[in-house]
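Remarks on the structure that follows.
The values are calculated or read from the model by the stated rules, or taken from the named source; none is laboratory data. Everything numeric here is computed off the predicted structure, so don't read it as measured data. Every residue, glycine among them, receives a Cβ derived from its backbone with ideal geometry; neighbour counts consider all protein chains shown.
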Amino acid sequence: MECLLRYRGKNYTAQEVQEIRELIARHPGLSRRRLSEKLCRAWNWVQPNGQLRSMVCRGLMLGLHRAGLIQLPPVRQISINPLAQRRLPQPALELSWEPVGTTVGEVKPIEIRQVRRTPEEKLFNRLLQTHHYLAYTQPVGEHLKQLVYARGRPIACLAWSSAPRHLGPRDRYIGWSKEQRQAGIGWLAYNTRFLILPWARVPGLASHVLAKAVRVISDQWQELYRHPIYFLETFIDPGRFRGSCYRAANWKFLGLTTGRGKDDLTMKANRPLKELWVYPLASDFRAKLRGDHG
């Protein structure tokens with residue numbers, strides 16, 4: 001059947017476009033947002049946590065509208081982008097702690113708390129803003145934040161988000177097709193920040209924290225987003241770091257990025273090359289990510 005529009009990797013046919021036209025005609029008084037919610041329910045477009053995929057649906061309908069394939073009602077309200085208006089966390093200048101110890105044994109046991117959507121999230125954000133060389137940036141999409149404690153004091157922060165869609169070394173390592181990657185990319189998580197706080201500079205602590213964090217991340221993701229994680233990845237700038245803690249925590253080095261970024265159109269490197277390190281969370285991660293059965 002003829003494709004009238006391709007959106008986010010999927011082709012939409014004349015029959016599907018006609019279904020949208022009929023939905024709009026049946027509900028002439030609804031706003032664009034309400035129409036997208038009705039279409040989500042009609043097509044069963046839901047996230048793993050049960051929430052409607054209304055933002056994706058609105059993007060599809062807007063694309064069809066701009067292409068002249070459907071006619072949406074006039075915009076009723078111009079929404080302010082909350083990410084554009086978001087204020088950066090205030091530096092945690094008043095927050096300081098005494099050193100927690102000189103060896104990992106003195107620091108144990110540690111506690112990995114998932115603080116996304118909790119009162120501790122503000123502390124997490126401020127610690128990154130103050131002490132991480134990249135500061136704090138607000139993630140988009142599924143993400144969680146791990147605040148690590150020892151003796152009641154925060155000693156580390158780990159931030160995780162949805163994985164990049166295209167990574168050549170990773171995709172070859174998994175061995176999935178384009179269709180399998182599109183279906184399974186949500187089972188991956190990307191470590192965007194890892195910070196050992198200044199009062200916890202203890203030899204071997206970073207790899208110990210990392211090893212503990214990866215043991216609980218899938219369960220924490222499951223609790224927050226109603227689905228597990230099977231594969232972790234991160235980028236390391238070799239000009240700044242050697243990746244020692246990832247190596248010691250049994251992560252695997254897969255190769256270098258192309259240095260072009262996700263939106264590159266020139267096919268030329270325009271940023272520093274990064275090392276790609278990965279950590280499978282299941283022995284059968286390839287089968288799970290590819291959707292293999294049997």
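List of remarks:
- Leading residue by the ranking (surrounded by the fewest Cβ atoms within 10 Å (Cβ to Cβ)) among those in segment 222-257 that are of a type in the set (D, E, K, R) and not in a loop (DSSP other than H, G, I, E, B): E223
- For L72, the conditions (1) at pLDDT 90 or above; (2) closer than 29 Å to P139 by Cα; (3) in a loop (DSSP other than H, G, I, E, B) all hold with the exception of (2).
Rundown of residues vs (1) at pLDDT 95 or above; (2) closer than 24 Å to E233 by Cα; (3) touching a helix residue (DSSP H, G or I) at 6+ places or on another chain (Cβ under 8 Å), yes/no style:
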| site | (1), (2), (3) |
| --- | --- |
| L88 | no, no, yes |
| L95 | no, no, yes |
| T102 | no, no, no |
| G105 | no, no, no |
| R117 | no, yes, yes |
| T137 | no, yes, no |
| V140 | no, yes, yes |
| K145 | yes, yes, yes |
| A163 | no, yes, yes |
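- Among the residues of segment 153-182, those identified as under 15 Å from the mean Cα position of the chain (by Cα) and outside any helix (DSSP H, G or I) are L158, A159, W160, S161, S162, A163, P164, R165, H166, L167.
- Scan of segment 104-151 for residues that are under 13 Å from A200 (Cα atoms) and not in a helix (DSSP H, G or I), ordered by number: K108, I110, V148, Y149, A150, R151
- The lone exception for V148 - which of (1) in contact with a Cys (Cβ under 9 Å, 6 or more places away or on another chain); (2) within 23 Å of T258 (Cβ to Cβ) it fails: (2)
- Screening segment 186-214 for residues that are more than 18 Å from the chain's Cα centre (by Cα) and of a type in the set (D, E, K, R) and picking the one that is surrounded by the fewest Cβ atoms within 10 Å (Cβ to Cβ) gives R201.
Table: residues versus (1) at pLDDT 95 or above; (2) touching a Phe, Trp or Tyr at 6+ places or on another chain (Cβ under 8 Å).
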{"position": "A189", "(1), (2)": "yes, yes"}
{"position": "W199", "(1), (2)": "no, yes"}
{"position": "D219", "(1), (2)": "yes, no"}
{"position": "P238", "(1), (2)": "no, no"}
{"position": "G255", "(1), (2)": "no, no"}
{"position": "R271", "(1), (2)": "no, no"}
{"position": "G294", "(1), (2)": "no, no"}
